[in-house]
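*Asks:* Got a structure for you, written out below as structure tokens; questions coming shortly.
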Amino acid sequence: QVQLVESGGGLVQAGGSLRLSCAASGRTFSSNAMGWFRQAPGKEREFVAAISWSGGNTYYADSVKGRFTISRDNAKNTVYLQMSSLKPEDSAVYYCAGRSNKFITPWSTDYEYWGQGTQVTVSS
């Protein structure tokens, strides 16, 4: 059974930083693209960042470009999202997602595997 488990969420002041982790089990994702999405109350789930199987290619939503960094450690089957200069509008539940192939995409419907999410709250 494939599981993606996010951790690292919490409450932080505006301007602060957090690092989210997504640990995969049940299969290896070393040959697969991975992504992060988020969903705030009353809003649709939105794309945050994606990374190719090797980590050589990354893609970010304009709203987080320059502030967030996605990375991965294939030896640990783990993906990270380093978030800096956080803003109150970054508050959301953050979800890790995995694809069944190596190509990155910003579309949530392209991801077959999902974690349960971790809450990030940024206070002003």
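*Asks:* Subtracting the Cα-Cα distance from 0.36 nm times the residue separation, let me have the gained length for SER71 to GLU89 in nm, one decimal. Numbers along the way, then the final one.
*Replies:* Values: separation 18, 0.36 × 18 = 6.48 nm, distance 2.24 nm.
Residue separation times 0.36 nm, minus the Cα-Cα distance, leaves 4.2 nm.
*Asks:* Also, quick follow-up: Keeping every protein chain present and rolling a 1.4 Å probe, give me the accessible area per residue for the chain in Å².
*Replies:* 51 Å²
*Asks:* Next up: How about LYS43: which lysines have a C-alpha closer than 18 Å to its C-alpha, ignoring those fewer than 8 places off in the same chain?
*Replies:* Leaving aside lysines fewer than 8 places away in the same chain, those within reach of LYS43 are LYS87.
*Asks:* Let me know the Rg and Dmax you get for the chain when you use only its Cα atoms, in Å.
*Replies:* 13.3, 40
*Asks:* Among 28-40, 8-20, 44-56, what's the highest-first ranking by average C-beta atoms within 10 angstrom per residue?
*Replies:* 28-40, 44-56, 8-20
*Asks:* In 5 Å bins starting at 0, how do the alpha-carbon pair distances of segment 39-109 split up by percent?
*Replies:* 3, 15, 27, 27, 17, 9, 2, 0
*Asks:* Right, next: Counting only residues 5 or more places away or on other chains, whose amide H sits under 5 Å from the amide H of TRP114 once H atoms are built in the peptide plane?
*Replies:* Sorted by chain and number, the residues that satisfy this are GLY98.
The values are calculated or read from the model by the stated rules, or taken from the named source; none is laboratory data. Just so you know, these numbers come straight off a predicted model, no measurement behind them. Quick reminder, even Gly has a Cβ in these numbers, built from the backbone with ideal geometry, and neighbours come from all protein chains shown. We work out accessible area using only protein heavy atoms, side chains counted, and drop any ligands, DNA or RNA first. Shrake-Rupley method; radii C 1.70, N 1.55, O 1.52, S 1.80 Å.
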